[in-house]
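Read the structure below first, then the notes.
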Amino acid sequence: MWADVHCHFDYFENPAEIIVAAEKAGVKRIIANSTTLEGLHKCLALKMQFPKIISVALGYHPTHIFEDSASKREETMNHIIQHASEAIAFGEVGLDFDEQTSKEEKELQVAIFKKFILLSKEFKKPLIVHARGSRAEVLRILQEENAQKVLLHSFVCKEKQMKDLLKTSFFVSVGAGVLNSEWIQKFAQELPLEKLLLETDSPLEFSGEQCSSVWIPRIASKIAELKGIQAENVQKAAEKNFQALFGKN
């Protein structure tokens, strides 16, 4: 079984076509991550349409949190809680810091992130975590808040953080960037198979081409090449890790 643990079908114009093509390519499980209130409802609708292949992670992307009004933030969080039983995880959640991120924005992102960690414990569901420009902060908060089941989405780090990461029980999903980024390739080479899951973050573009869940076997083959093993070994490890994190549902 191939699985794409992180994509955004609410951004595709033709999600049904992509899902059918992915299933033909052997991708039997896809986790559609929501990032907004509107995306949440689109993802849930796709789950109803394709219940055997689509699972839903309900989240609130950190870059959207400050864009929304206080009332919209409350409405979004209420909807996530209301539909939590229909979700396999909470995601995409986390932190996104760059040079322009104000102190106020950072504090709001952290507050919402901590709320999701509490929801993860309350509902006993994993977190799918975004950590752009904030890897150290994300690892620290997850450990301080005693987060249990965590998938670090597209998390790429250097040697010191890798040592910190390996001390945790967290998983990491590697995506299409591994096809052409030397930095991601080096990270994927060093990441133990027992922590590896596969993602696309679709519909992002890589080398001018829009990726989709169909790419999962291709991503796995590249990781296998980097590690000097068979793609079948990557598939087996990723399937085992999927079940360990998300269960056999």
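The values are calculated or read from the model by the stated rules, or taken from the named source; none is laboratory data. Keep in mind that what you see is a predicted model, and the values were worked out from it rather than measured. All Cβ positions, even for glycine, are placed from backbone atoms using ideal geometry, and neighbour counts span all protein chains on display.
For this structure, a couple of remarks:
- Qualifying residue in the stretch 32-52 (condition: among the small types (Gly, Ala, Ser), over 19 Å from the mean Cα position of the chain (by Cα) and within 22 Å of Phe116 (Cα to Cα)): no
- In the stretch 98-114, the count of residues that are closer than 23 Å to Trp183 by Cα and modelled with pLDDT under 95 is one or more.
- Hits in the stretch 135-167 (condition: at pLDDT 95 or above, among the polar types (S, T, N, Q) and farther than 21 Å from Ile88 by Cα): Gln143
- Filtering the stretch 85-97 for residues that are over 21 Å from Asp10 (Cβ atoms) and of a type outside the set (Ser, Thr, Tyr) leaves a non-empty set.
- Options Ser202, Ser221, Ser169: the member that is assigned to a helix (DSSP H, G or I) and not aliphatic (A, V, I, L, M): Ser221
- Filter result for the condition that a residue is over 16 Å from Ser173 (Cβ atoms), acidic (Asp, Glu) and part of a helix (DSSP H, G or I), over Glu107, Glu99: Glu107
- Checking Ser120 against (1) under 16 Å from Ser34 (Cα atoms); (2) touching a helix residue (DSSP H, G or I) at 6+ places or on another chain (Cβ under 6 Å), the condition it does not meet: (2)
- Residue identified as of a type outside the set (Phe, Trp, Tyr), surrounded by 14 or more Cβ atoms within 10 Å (Cβ to Cβ) and either touching a residue at least 60 places away in the same chain (Cβ under 8 Å) or on the phi < 0 side of the Ramachandran plot (or both) among Glu23, Glu74, Glu13: Glu23
- Residue in the stretch 27-50 that is assigned to a helix (DSSP H, G or I), closer than 27 Å to Arg135 by Cα and among the aliphatic types (A, V, I, L, M) present: yes
- When the stretch 51-88 is filtered for residues that are assigned to a helix (DSSP H, G or I) and either in contact with a Phe, Trp or Tyr (Cβ under 6 Å, 6 or more places away or on another chain) or charged (D, E, K, R) (or both), the ones remaining, listed by number, are Lys72, Arg73, Glu74, Glu75, Thr76, Ala84, Glu86.
Quick grid of which residues meet (1) in contact (Cβ under 8 Å) with a residue 60 or more places away in the chain; (2) assigned to a loop (DSSP other than H, G, I, E, B); (3) surrounded by fewer than 19 Cβ atoms within 10 Å (Cβ to Cβ); (4) not polar (S, T, N, Q):
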| site | (1), (2), (3), (4) |
| --- | --- |
| Ile128 | yes, no, no, yes |
| Leu139 | no, no, no, yes |
| Gln143 | no, no, yes, no |
| Gln148 | no, yes, yes, no |
| Phe155 | no, yes, no, yes |
| Lys160 | no, no, yes, yes |
| Asp164 | no, no, yes, yes |
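- In the stretch 1-26, the qualifying residues are those that are in contact with a helix residue (DSSP H, G or I) (Cβ under 9 Å, 6 or more places away or on another chain) and either among the aromatic types (Phe, Trp, Tyr) or in a strand (DSSP E or B) (or both), and the one that is farthest from His79 (Cα to Cα) is Trp2.
- Close pairs (7 angstrom Cβ cut-off, 6 or more residues apart or separate chains): in contact (Cβ under 8 Å) with a residue 24 or more places away in the chain in the stretch 100-118, surrounded by fewer than 17 Cβ atoms within 10 Å (Cβ to Cβ) and charged (D, E, K, R) anywhere: Lys114/Glu145; Ile117/Glu145
- Matching residues, the stretch 167-209, being among the β-branched types (Val, Ile, Thr) and without any contact (Cβ under 8 Å) to a residue 40 or more places away in the chain: Thr168, Val172, Ile184
- Scope the stretch 1-46; condition within 19 Å of Glu86 (Cβ to Cβ) and touching a Phe, Trp or Tyr at 6+ places or on another chain (Cβ under 6 Å); matching residues: Ala3, Pro15, Ile19, Ala32, Leu46
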